[in-house]
Amino acid sequence: QVPLIEPGETPVPAPAVVICHGSDGVDGRGALHAGALNRAGFVTLELDMWAARGTVRGAVGRPSSVPQTLPDAFAALSFLAKQPEVDPARIAVMGFSWGGVVSLLSATRRYAQDLAEPGTAFVAHAAFYPALWSYNRAPGHEFADLVAPVLIQAGGADAYDDPQVCDGFLDSLAPADRAKVSLVVHEGATHAFDRDLPSKVIHDPYAHKGKGGPVLFEFSPTATAAAQARLVAFFSEAFR
């Protein structure tokens, strides 16, 4: 999506944001935040990482590891950098759950150097509820040597983690990486708190710090509004 241009107005290349969905696929969360980002003057591109793989939605059908889908995000970066409506020096990435992990891992020098087309780079990374317990524990989830600022927004009642996980995550980072990371916890919010659909419970083997089990998705208008405002402010600062 591209911000509206008035008739006769010459478009100026705008900042852009790649949006990466969660395990449930494209389900409205991307469109909800894209609206706010477009109103702020940013181009948005939401990926469908499942359709091209012919996979079904949900934990059962997704790929076996998040790093398998990192090339999708970097291909989107390369595509956007070539579009005349986009400023190639101001492209960021965000994601939800699985897509949040994509956003975080793509901030590491390891993946950025291996997968970004030469001359391109994400300038900021925003992750919604990206299963914080898994970093530097699960294979391929090494989170260190960050190359850009990171914003993480989590739910205080997210069944993937527990209240101690967020503090432990920050404490585990090297000082140079910790300086690049901002973490906001929305108290009482569940996983997928910005999913404006009826509540539901899913079962995921990655939940409850990798032990597996049920996960509640429940929309929180209050947390969503606060998270959206923080997201737009974060990208606005990074693009400045």
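The values are calculated or read from the model by the stated rules, or taken from the named source; none is laboratory data. Not measured: the values here are computed from a predicted model. A quick note on method: Cβ atoms are made from the backbone with ideal geometry, for glycine too, and the neighbour counts reach across all protein chains shown. Note: areas computed on protein heavy atoms with side chains; ligands, DNA, RNA excluded. Shrake-Rupley method; radii C 1.70, N 1.55, O 1.52, S 1.80 Å.
Efficiency by 1/(1 + (r/R0)^6): what FRET value for LEU32 and ARG137, r their Cβ-Cβ distance, R0 = 25 Å, to the nearest 0.05?
0.25
Which peptide among 148-157, 183-192 comes first, and what is the full order, when sorted by highest mean count of other Cβ atoms within 10 Å?
Details: 148-157: 22.0, 183-192: 19.7.
Result, highest mean Cβ count within 10 Å first: 148-157, 183-192.
Give the angle, between 0 and 90 degrees and rounded to the nearest 10, that separates the Cα long axis of helix 29-39 from the longest principal axis of the Cα atoms of the chain.
Once rounded, the angle reads 30 degrees.
So how exposed is TYR206, as accessible area in Å² (1.4 Å probe, rounded to 10)?
Looks like 70 Å² after rounding.
Rank ALA138, LEU115, ALA154 by how far each Cα sits towards the positive end of the charge dipole of region 104-181 (+1 on Lys, Arg Cβ; -1 on Asp, Glu Cβ) and give me just the farthest.
So the residue furthest toward the plus end is LEU115.
Keeping every protein chain in place, order ASP204, ASP196, ASP24 by accessible area at 1.4 Å, biggest value first, i.e. largest first.
If we order ASP204, ASP196, ASP24 from most to least accessible, we get ASP196, ASP24, ASP204.
Among residues other than ASP177 whose Cβ falls under 14 Å from its Cβ, what is the net charge (Lys/Arg +1, Asp/Glu -1)?
My count for the surroundings of ASP177 gives +1.
Taking H as built 1.01 Å from N, whose amide H comes closer than 5 Å to the amide H of VAL43, not counting residues under 5 places away?
Residues meeting the amide H criterion: ALA16, VAL17.
Can you tell me the dipole magnitude for the chain around its Cα centre, using point charges on the Cβ only (Lys, Arg +1; Asp, Glu -1), in Debye to the nearest 20?
On the way: 18 positive and 25 negative charges, 58 e Å.
Charge dipole of the chain: 280 debye, to the nearest 20.
Give the cross-link partners of LYS209 among the lysines, using a straight C-alpha distance below 22 Å as the criterion and excluding same-chain residues fewer than 8 apart.
Hits, sequence-local ones excluded: LYS200.
Which whole-angstrom value gives the distance between the alpha carbon centres of region 146-173 and region 46-123?
If we compute the Cα centre of each part, the gap is 20 Å.
Write down the accessible area per residue of the chain in Å², having rolled a 1.4 Å probe over the full set of protein chains.
44
Which length gain, in nm to one decimal place, applies between GLU85 and ALA226 when the Cα-Cα distance is subtracted from 0.36 nm times their residue separation? Walk me through the numbers on the way to the answer.
On the way: separation 141, 0.36 × 141 = 50.76 nm, distance 2.89 nm.
Result for the pair: 47.9 nm of gain on full extension.
Ranked by accessible surface with a 1.4 Å probe, highest first, in what order do HIS203, HIS208 come? Can you show the working numbers first?
On the way: HIS203 130, HIS208 70 Å².
Ranked list, largest accessible area first: HIS203, HIS208.
By accessible area of protein heavy atoms, probe 1.4 Å, what ranking do SER134, SER199, SER182 get, highest first?
SER199, SER182, SER134
Mind listing the long-range amide H neighbours of SER182? Cut-off is under 5 Å, sequence gap 5 or more, other chains count too, H placed in the peptide plane at 1.01 Å from N.
Excluding prolines and chain starts, which carry no amide H, the hits are VAL150, LEU151, ILE152.
Hey, any idea what % of the chain's accessible area is carbon plus sulfur with a 1.4 Å probe?
Ligands and nucleic acids excluded, carbon and sulfur reach 56 percent.
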